[in-house]
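Input: a single structure, listed below in structure tokens.
Read-outs: derived from the displayed coordinates by stated rules, not from any lab. Predicted model only: the values in this text are computed from it and were never measured. Please note: Cβ atoms are built from the backbone with ideal geometry, for glycine as well, and neighbour counts cover all protein chains shown.
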Amino acid sequence: MSVGCIEPVPHDLPGAVELWRVDLDRYRYDPEASMFSAEERGRAGRFQFGDDRRRFLAAHHALRHVLGLALDREPGALVFETAAHGKPRLRDARGLEFNFSHSLHECLIGITDGRSIGVDVEVVQPVLDADALAKRHFTPSEFEQWDRVPAANRARVFLQGWTRKEACLKALGVGLLVQPIRIETGFDDGVRTVVAVAGSSTVDIELVSIDLAGAAVGAFALAAPTAQH
């Protein structure tokens, strides 16, 4: 599937995983489309700036389009719910799992059959208080690696590490019950198996970063319970 500004993203994650990139500034949609729920319109209306509202609705329109094709349903008929810790999900999804993320004009969508997925994207730009954030959320080993990065690359590397942690936490679906500093995700690009403890479960997470043509960095993670404590 490649429609308009929705493009497939190559990846090395195992299993049946589809990843899509959307340029929200080129994506064309009807902002008055009846497919949007009252909740989506309400959230869009809280944005102060018009570009933010437009991009929010474009991301949700693209998400409905991708999920509708995957499930052979009308996009407007899809009903979204929120899981216990805030992760969105579909009602009556027939085993399909999804996650999505958007930052300025960049949007990433991931869908898979049965395994919990986490997706995160950040447009590369200066990060305020990056040093303090890195100390708070990176493991000691990760902070040491990041602290050695040349100044010109520090924002990109910070955001690569940040998106990797966010993708893992979203795949776990436990909100802030697991602190980012408790998960060693590193900064490498290849597929990495991350082991996380969430409650009484030990979870294996398959994680990979995606470099989006220099403008943004993204990460995708797949999680599955492996053992009980």
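Computed quantities for the displayed model
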{"item": "Contact order relative to length of the range 47-90, as percent, for alpha carbon pairs under 8 angstrom and 6 or more apart", "result": "20 percent"}
{"item": "Residues ARG91, ARG43, sorted so that the one with the fewest Cβ neighbours within 10 Å comes first", "result": "ARG91, ARG43"}
{"item": "Per-residue [θ]222 nm for the chain (sum of -39500 (n - 2.57) over DSSP H runs n ≥ 4, rounded to 500)", "result": "-9000 deg cm²/dmol"}
{"item": "Top of ASP25, ASP120, ASP129 by mean-square fluctuation, Gaussian network on the chain, Cα under 10 Å", "result": "ASP129"}
{"item": "Cα extents of the chain along the three principal axes, largest first (Å)", "result": "50, 42, 31"}
{"item": "5 Å-binned pair-distance histogram of the range 121-228 (Cα, whole percent)", "result": "2, 13, 24, 25, 19, 11, 4, 2, 0"}
{"item": "Most mobile listed residue (HIS61, HIS137, HIS85) in the chain, GNM with C-alpha springs under 10 Å", "result": "HIS85"}
{"item": "The range 60-136 - charge dipole about Cα centre, Lys and Arg +1 at Cβ, Asp and Glu -1, debye rounded to 20", "result": "220 debye"}
{"item": "Simple spin-label estimate for ASP52 and ALA84 in nanometres, 7 Å along Cα-Cβ", "result": "3.2 nm"}
{"item": "Three-way shape label, the range 18-140, alpha-carbon gyration tensor, a/c 1.5", "result": "oblate"}
